[in-house]
Structure formats: structure tokens, C-alpha cells
1. Let me cross-check residue 361: its accessible surface, 1.4 Å probe, with only protein heavy atoms counted, in Å² to the nearest 10?
2. Using a basic spin-label model with each label point 7 Å from the Cα along Cα→Cβ, how many nm lie between residue 390 and residue 58?
3. How far is it, in nm, from the label point at residue 413 to the one at residue 397 when both lie 7 Å from their Cα along the line to the Cβ?
4. Hey, with R₀ at 25 Å, roughly what FRET efficiency would residue 214 and residue 15 work out to, going by the Cβ-Cβ distance, to 0.05?
5. Helix 76-87 versus the longest principal axis of the chain: what angle, 0 to 90°, nearest 10, using Cα atoms?
6. With every protein chain present, what accessible area does residue 302 have (1.4 Å probe, heavy atoms only), rounded to the nearest 10 Å²?
7. Sorting 120, 280 by accessible area (1.4 Å probe), largest first, what list results?
8. What number, rounded to the nearest 500 deg cm²/dmol, is the helix-based mean residue ellipticity at 222 nm of the chain, given -39500 (n - 2.57) per DSSP H run of at least four residues and division by all its residues?
Amino acid sequence: MIKHIINGQHVESEDVFESINPATGKVIAEVASGGQKEVDSAVAAAKAAFPAWSTMPAKERSKIMHNVGDLITKHVPELAEMETNDCGQVISQTLKSLIPRSANNFHYFAEIAEHMHGESYDSDTGHLNYTMQKPAGVCALISPWNVPFMTATWKTGPCLALGNTAVMKMSELSPMTVTRLGELMREAGVPDGVFNIVHGFGQQAGEPLVSHPDVRAISFTGSTPTGNRIIRSAGLKKYSMELGGKSPFIIFDDADYERALDAALFMIFSNNGQRCTAGSRIIVQSTIYDKFVADYVDRAAKLTIGDPLNPNTIIGPMISKAHQNKVMSYIEAGQKEGARLVLGGGTPQLDDKFKNGFWVEPTVFADVDNKMSIAQDEIFGPVPCIIPFKTEEEALQIANDTPYGLSSYLWTENTGRVLRLSKAIDAGMTFVNSQNVRDLRQPFGGTKGSGTGREGNHYSFDVFCELKNVAISYGDHRIPRWGV
Ligand code: NAD
């Protein structure tokens, strides 16, 4: 049984739900399903732990955060396998990249928090002004299922290192590794109550958490509709919203063709297409369009789909039956809307062991019109749309014709065009001649329907800290003497 972690204790609930391995459709664990009661005790524990944690010398807190990072590194194989079983991400990604990188979310923010400092200046009004970043207080951390451990640590690292305490609600579809994180935190020396986990569903556990009056800040990663709902329920709180995407991947005919092709495949088929930053709209110049579609399909057809625990597998399952159905319904819609289905479109033939899993074949649509629903909506599966364009102006118009603005990818050797388009594309991030390569110093986040706020580096202060200004008079500035 996967339990909540509240005030350092494993806590059960009367209600439970099942966690399912999406590759096999089999139940792998029962999970405690929390609600208002569990949220109230977790927030109370976090509130009680806040004074001691937030005033602990930064060096001591930083040492504990480094311990958490070291313990993650020590447990990489265990965590990677658990993550793969819980959410279907292939083992080559969890073992080699996602789990090892998660340790850095603690090491990096431990350093930032230990060495942070404010500004000071003498004003002409006769005051010394100085600023300080104070921890916001109890934070609600809400995470989706697509990269659960990475997202949990991406939030928890800065949140705790900066002196806050937290209540995390992981997605009900991926509860396992975050629970191990809670246990490793305890082993690392994180005091009871500093990091709490309440498992459960959005409505029952998420809503009471975001609307709780003692919660001061919310770091949310998830879909755009849920983000909008949380903003309405939360009332006046600090928040950052990391939401959905439909990122353009633009390839001009002067690009390094082979590298662009590699990146275009990677940016939609990695993590089974369940990636917020997926380059899901591949916008290709007409001069190279036919060759590109043929080469792309040829390569995509060779991607190994199947057992996520096999180190050679590239494509795993969708997270759930409901999500598989959603992706399949977009494949149907794309065909009805007149896009050309050039690869896949069904479910793969796999070993019997996987017959009840939630699979979708790598599927490619060509000749997509950007107005179609498959180009406008976030499908969140292995289903790229290839869209032709003729001119730079048209490429930009298509790129920006979307409700989202998370990431974008630009492939060209023309420097002027790089400068023009990377400025004009309406998105939080543009990668030029590259796939999405994360660095913790980058500000991560999006525009429009992809969210608000940035996290990473000192940008994380905006959600996890209150910026305070102190103005101290030198004692001789003029004060109006009224009524004398
Ligand atoms: P979701 O919005 O359905 O759920 C996300 C989390 O919110 C879950 O923990 C869920 O239980 C919780 N939740 C649901 N309703 C809630 C409510 N009313 N109040 C509080 N919490 C509530 O998203 P999902 O399907 O789990 O994740 C996929 C989405 O996440 C995609 O849109 C993807 O693009 C996005 N995502 C964004 C980023 C980013 O950094 N921008 C990263 C990963 C995923």
C-alpha cells in the first residue's frame, strides 16, 4: 500500500485507489486516497515545521538538500525501475537521464539558496534600502504523471532549499517514486513536517490543497484546463503555472538536414510523445518537404515499441486507458479532417504480456493544415503533425497560430533569420538547431495557454519567495511637522 507521508509518518486513508502499470494493465499497488482531512493535517504539519526550517542557517539546510541529492544518486536503479513500471517511461530514459538528473535539482538549488543575497542602495531620500528574499511559507506542489520524479524534484529542490515547507500532490496516475522521495528525504535529515505528500485525485485532494488558507504559494505543472481552474480556486496566492504545449518545430531548407531529422524524431517520440515540450508540429519548408516526409516516416517506422524495461525499447505505452482513447480519438479526427496518415494509426501487436496495456503505434500525419484540431490541440502522444510552408513569414504565422506558447525549435543556418524568428516566436523558450536541452540556469516556462511564471535558477524565487524591502532612515530626512 502506498501511503501519504504527513509529518514524517506513513498515513493511510479509508479510501484507496489502484496504481496500474500502463504497459501491462496490471494493478501494481493500492494507494491511499486523500481528501480535505489529509490535506488539513499535511498543511498543519508543514505550517508547524516552517519556523524552524526557514530560520535554519542556510549552510545546514543546504547540507541536508545535498544529502537528498546523494541519496537519489545512490538509488537510481531502484527509482528508475519503479518509475518505468508506474508510468511506462522507457528504462533507457529513466535510468540514464531522468532519475540521475533529478539529483541535481537538489544539489543545484542547495547552492543557489546558500549563496543568495539581496540588493542595497543609499537613496537620495536619506535611507538605506535593502532587499531580502523571504521564504513564502507553506507551498502546494502539484505534479502531473508524465515525468513524475523529475517534476517532483524540480519543485521540491528549490522550494525546500529556499526555506519553505511543502505539501505535494502527485498525479493519481504516478504515485510511486514521489513516495520513495519522501522516505529518502527523511533519511537525508529533512525534519518531519517539512515535506508532506497527500495522494489522491484532483477534485478531492488537489482542490482543498490549492484553496487552503494556510498555503501561500502554488507551483503547478499540468494541463491548461486544470491550471485555469486552480487559479480560480486558489484566491490570492503566489503561483507559477507550467501548462500544456503544442510547440512548433520549424525546419528551413538550409538547415543541417540530418541533425534536424534526428531532433524532429526525438522531440515527439521521446517519453512516448507525453512531453509538454514536444515538437508536435513539424513545420517544414516546401522545397524539402516531400523528401523530409519520406525520410521521417522511414525512420519513425523503425522505432522499437514494447517492453519499457527492455533497454532497447524507444516507445512505451500511454499512461492510462482514458489517455490511450483520447490519443486514438485524435488519430480518427485527423483522418476525418483530411490530414494524410502516413504511418501507424493503430495499436501495435505485442507479446501477450502487454495485451492489456495502453498502446498507440508511432503515428505520423502529413499535409496537416494548422487549423485542424490535431494541430491546435495538445494530443500528448506519439502523433506528430507535419505541416508545409513556403516563406519565413508563413512559418512564423503558423508557429504562432496556437493557443500555446511553451517551447519552439528553429532549424536554419541563416543567422539573420535565427535572430528575427527567435525574437518573434511567441513562446517561453526557443531552441535553435537543437532539441530541448535543459540547463538548470535557464528560465523554464511558457506564454499564453502554456502558463505563467518561470522556474529555474533565481527565477524560482518569484514563486517560492516573498521579496521584502527594508528602508532605514539615517535619521535626518525631512518629515512634515504637521499640527505643531
Ligand atoms: P492534469 O491537469 O490532469 O493533472 C495535473 C495534476 O493536477 C494532477 O496531480 C491532478 O490530480 C491535479 N489536479 C487535477 N484537478 C485539480 C484541481 N481541480 N485542483 C488541484 N489539482 C488538480 O494534467 P496531467 O494529465 O496529469 O498532465 C499532463 C499535462 O501536463 C499536459 O498538458 C502537459 O503538457 C502538462 N505538463 C506541463 C509541463 C510544463 O512544464 N509546462 C511539464 C509536464 C507536463
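1. Rounded to the nearest 10, the figure is 60 Å².
2. 5.8
3. Between residue 413 and residue 397, the label points sit 2.9 nm apart.
4. 0.60
5. Taking Cα atoms only, the helix is inclined about 60 degrees.
6. 140
7. Output order, biggest surface exposure first: 120, 280.
8. Mean residue ellipticity, 222 nm, calculated: -11500 deg cm²/dmol.
The values are calculated or read from the model by the stated rules, or taken from the named source; none is laboratory data. The structure displayed is predicted, hence computed values, not measured ones. As a convention, Cβ positions derive from the backbone with ideal geometry for all residues, glycine included, and neighbour counts pool all protein chains shown. Surface areas here come from the heavy atoms of the whole protein model, side chains and all, with no ligands, DNA or RNA. Shrake-Rupley method; radii C 1.70, N 1.55, O 1.52, S 1.80 Å.
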